[in-house]
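Here the structure is laid out as structure tokens; the discussion comes afterwards.
The values are calculated or read from the model by the stated rules, or taken from the named source; none is laboratory data. Note that the coordinates shown come from a computational prediction; the quantities given were computed from them, not determined experimentally. We place every Cβ from the backbone using ideal geometry, glycine too, and count neighbours over all the protein chains shown.
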Amino acid sequence: MSSTLFEKSHSGRRGINIPKQVVADAPSLDGSLLRSAKAELPELSEFDVVRHFTRLSNKNFSIDSNFYPLGSCTMKYNPKVQERVGGLDGLANLHPHHITNNKTSLVQGALKSLKVLENYLTEITGMKAFTLTPQAGAHGEMTGVMMIGAYHKKKGNNKRYVIVPDSSHGTNPATAAMVDYDVITVKSNKDGSMDLESFKEAMNDEVAAVMMTVPNTLGLFNPAIKEICDIAHSYDALMYYDGANMNAIMGVIRPGDIGFDVIHLNLHKTFATPHGGGGPGAGPVGVGERLMEFLPDLTVDFTEEKGYFFGEVSKNSIGKISPFFGNYLVLVRALVYMQTLGREGMINASRKAVLNANYILSKLKDHFDAPFKNYCMHECVLSAESLTKEHGVRAMDIAKYLLDFGLHAPTVYFPLIVKESIMIEPTETENIDTIDFFCQKMIDAVELAKSNSEAFKNLPLTLPISRPDETKAARSLNIRWQA
Ligand SMILES: *Cc1c(COP(=O)(O)O)cnc(C)c1O
């Protein structure tokens, strides 16, 4: 490009005025408050800072750079349009007090975004209403189980237990314990579902709730789910749906129609907010008729005359469970995701997620142990048990092998009920080339285990940090960065 533009504008002939450097007046402060020596601030050029952060960002392993089939975590691609909308000035720079100080005329758009999201979630799940404020899946679980507690307390029910299947996510029994229930664990049957007979035996008048993940953490849909709901309700126990695996069933079945009383969703999983490494999340909780009056504080209502406003809080509400509106921008991103895909797009996403997982299962089931061979939902579980017995190569070794090929490891050793488990969730956003490459590397790993199991000892070879001594890492953890 020629330099004329700069020269012309500099001379003012194009009417562009370059302002003088602005220097703020020093505030008139009491002398005792002023420093006498110059502050020791790091002196770095913009360029050094950009290089520093770019280098750090390159150390990050993310869905934008690599395949990330981490079972149970739904590491799908997050379209950038959500980020763009979430970053709009009027949304990103909204002060929390704007949204809660009842000057609702200033924030009609933000309140509308919340109401529309609530309506979508209600429609997708078949529940009656949602609270959007919980800030993670586990936080949603706690909110839901607190509402269940409030329900039983109001009815004067004497309840002590929460039932979970042995395939449940660790947060389920942890939540029940935090809300002061004792946990009854029911074993799974050979098909990977909670064993119906054992469930019936465990059920009693003191059971407050049954917490189920559907499809469960083995990637399987429980065919007896309706019957389980009916049995629980006959004891006035409520049904909790852990909806972290909603990606398998969006637009296909609705937990509310099956008879569940309460559900949490992980917007940061199914509805595409970047997560992993502990970023902000959102775990909205939907309720059926029985729990409506216990919803936490902060709901949005709408009438023609008043526009959008904060709904009346029921006298039986469990109160506030988050400051302000939780992680508002995660809610915005989920809304944009839903509006971008639309009804058909969301159904399509679930179907493809299930298709991709089944494709992987069918390609790998003869190479690994496959405890549930026939079909799966959005994720499949394999096992390295035979490899371990015959060649001393464990699930963890297979996981490390993949790292050298730019593949994130699948989840290993969870669910706990499958020995040497390898849990793979490809999501709908991966194409067949990526999935074929992954499957080939998994098969190569098995071949290597058979021919040279010693080769796994020091993997990965190509990453800046090689294989840590896990015993040492657990016993004398040092989290300080060492250059
Ligand atoms: C991820 C997950 C959770 C917990 O969600 P967080 O947002 O991590 O708290 C609960 N249950 C299941 C089945 C999950 O996969």
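Could you name every one of the strands (runs of 3 or more DSSP E) located completely within region 240-322 that has at least 3 residues being under 21 Å from Pro426 (Cβ atoms) and modelled with pLDDT of 95 or more?
Per the criteria, no element qualifies.
Which of the numbered conditions does Lys112 fail, given that it passes all the others? Conditions: (1) surrounded by 14 or more Cβ atoms within 10 Å (Cβ to Cβ); (2) modelled with pLDDT under 90; (3) of a type in the set (Lys, Arg).
(2)
Looking at region 366-418, which of its residues are basic (Lys, Arg) and in a helix (DSSP H, G or I)?
Lys389, Lys400
Quick one: how many residues across region 159-177 are more than 10 Å from the ligand (Cβ to nearest atom) and in a loop (DSSP other than H, G, I, E, B)?
Adding up the residues that qualify gives 3.
Restricting attention to region 202-232, which residues are in a strand (DSSP E or B) and of a type in the set (A, V, I, L, M)?
Within region 202-232, Val207, Ala208, Ala209, Val210, Met211, Met212 qualify.
Do we find that Ala209 is buried (at least 19 other Cβ atoms within 10 Å of the Cβ), more than 22 Å from Cys73 (Cα to Cα) and either touching a Leu at 6+ places or on another chain (Cβ under 9 Å) or not assigned by TED's automatic domain parsing to the domain that holds Gly286 (or both) in this structure?
For Ala209, the condition - buried (at least 19 other Cβ atoms within 10 Å of the Cβ), more than 22 Å from Cys73 (Cα to Cα) and either touching a Leu at 6+ places or on another chain (Cβ under 9 Å) or not assigned by TED's automatic domain parsing to the domain that holds Gly286 (or both) - is met.
Could you tell me which of the residues Ser188, Ser198 is in contact with a Pro (Cβ under 7 Å, 6 or more places away or on another chain), hydroxyl-bearing (Ser, Thr, Tyr) and in the same structural domain as Gly144 (by TED's automatic domain parsing)?
Ser188
Condition first: more than 24 Å from Val252 (Cα to Cα) and either hydrophobic (A, V, I, L, M, F, W, C) or within 16 Å of the ligand (Cβ to nearest atom) (or both). Can you find one or more residues in region 118-134 that meet it?
Within region 118-134, one or more residues are more than 24 Å from Val252 (Cα to Cα) and either hydrophobic (A, V, I, L, M, F, W, C) or within 16 Å of the ligand (Cβ to nearest atom) (or both).
Please enumerate the residues belonging to region 226-274 that are more than 16 Å from the ligand (Cβ to nearest atom) and among the aliphatic types (A, V, I, L, M).
Across region 226-274, the qualifying residues are Ile228, Ile231, Ala232, Ala237, Leu238, Val252, Ile253, Ile258.
Can you go through Asp180, Asp191 and tell me which one is away from the ligand (no atom under 16 Å from the Cβ), in a loop (DSSP other than H, G, I, E, B) and within 19 Å of His139 (Cα to Cα)? Full working, then the answer.
On the way: Asp191 fails: within 19 Å of His139 (Cα to Cα).
Only one candidate qualifies: Asp180.
Which condition number does Gly326 fail, the rest of (1) touching a residue at least 60 places away in the same chain (Cβ under 8 Å); (2) more than 16 Å from the ligand (Cβ to nearest atom); (3) over 30 Å from Ile424 (Cβ atoms) being met?
(2)
Residue pairs, Cβ under 9 Å, 6 or more apart or interchain, first in region 138-156 and in the same structural domain as Asn245 (by TED's automatic domain parsing), second within 16 Å of the ligand (Cβ to nearest atom) and aromatic (Phe, Trp, Tyr). List them.
Glu141/Tyr240; Gly144/Tyr240; Gly144/Tyr241; Val145/Tyr240; Ile148/Tyr240
Here is a list: Ile398, Ile443, Ile360, Ile435. Which entry is at pLDDT 95 or above, of a type in the set (A, V, I, L, M, F, W, C), more than 17 Å from Gly219 (Cα to Cα) and in contact with a strand residue (DSSP E or B) (Cβ under 9 Å, 6 or more places away or on another chain)?
Exactly one of Ile398, Ile443, Ile360, Ile435 is at pLDDT 95 or above, of a type in the set (A, V, I, L, M, F, W, C), more than 17 Å from Gly219 (Cα to Cα) and in contact with a strand residue (DSSP E or B) (Cβ under 9 Å, 6 or more places away or on another chain), namely Ile398.
Can we say Val313 is outside the structural domain of Thr411 (by TED's automatic domain parsing), within 16 Å of the ligand (Cβ to nearest atom) and not small (Gly, Ala, Ser)?
No; evaluated as a whole, the condition is false for this residue.
Quick one: which residue in Leu94, Leu44, Leu56 is of a type outside the set (Val, Ile, Thr), outside the structural domain of Gln440 (by TED's automatic domain parsing), away from the ligand (no atom under 16 Å from the Cβ) and surrounded by 14 or more Cβ atoms within 10 Å (Cβ to Cβ)?
The unique qualifying residue is Leu94.
Provide a single number: the residues in region 65-90 that are under 27 Å from Phe405 (Cβ atoms) and surrounded by 11 or more Cβ atoms within 10 Å (Cβ to Cβ).
Summing the residues that are under 27 Å from Phe405 (Cβ atoms) and surrounded by 11 or more Cβ atoms within 10 Å (Cβ to Cβ) in region 65-90 gives 15.
Could you figure out which of (1) assigned to a helix (DSSP H, G or I); (2) touching a residue at least 60 places away in the same chain (Cβ under 8 Å); (3) out of contact with any Ser or Thr (no Cβ under 8 Å at 6 or more places or on another chain) isn't true of Leu335?
Going through (1) assigned to a helix (DSSP H, G or I); (2) touching a residue at least 60 places away in the same chain (Cβ under 8 Å); (3) out of contact with any Ser or Thr (no Cβ under 8 Å at 6 or more places or on another chain) one by one, Leu335 breaks only (3).
Given the structure, is Leu341 in contact with a helix residue (DSSP H, G or I) (Cβ under 6 Å, 6 or more places away or on another chain) and either assigned to a helix (DSSP H, G or I) or touching a residue at least 40 places away in the same chain (Cβ under 8 Å) (or both)?
When the stated conditions are applied, Leu341 does not pass them.
Mind checking which residues of region 210-235 are under 23 Å from the mean Cα position of the chain (by Cα) and on the phi < 0 side of the Ramachandran plot?
If the condition is that a residue be under 23 Å from the mean Cα position of the chain (by Cα) and on the phi < 0 side of the Ramachandran plot, then Val210, Met211, Met212, Thr213, Val214, Pro215, Asn216, Thr217, Leu218, Leu220, Phe221, Asn222 are the ones that fit.
What's the total number of residues in region 37-83 that are more than 30 Å from Ala334 (Cβ to Cβ) and either assigned to a loop (DSSP other than H, G, I, E, B) or polar (S, T, N, Q) (or both)?
9
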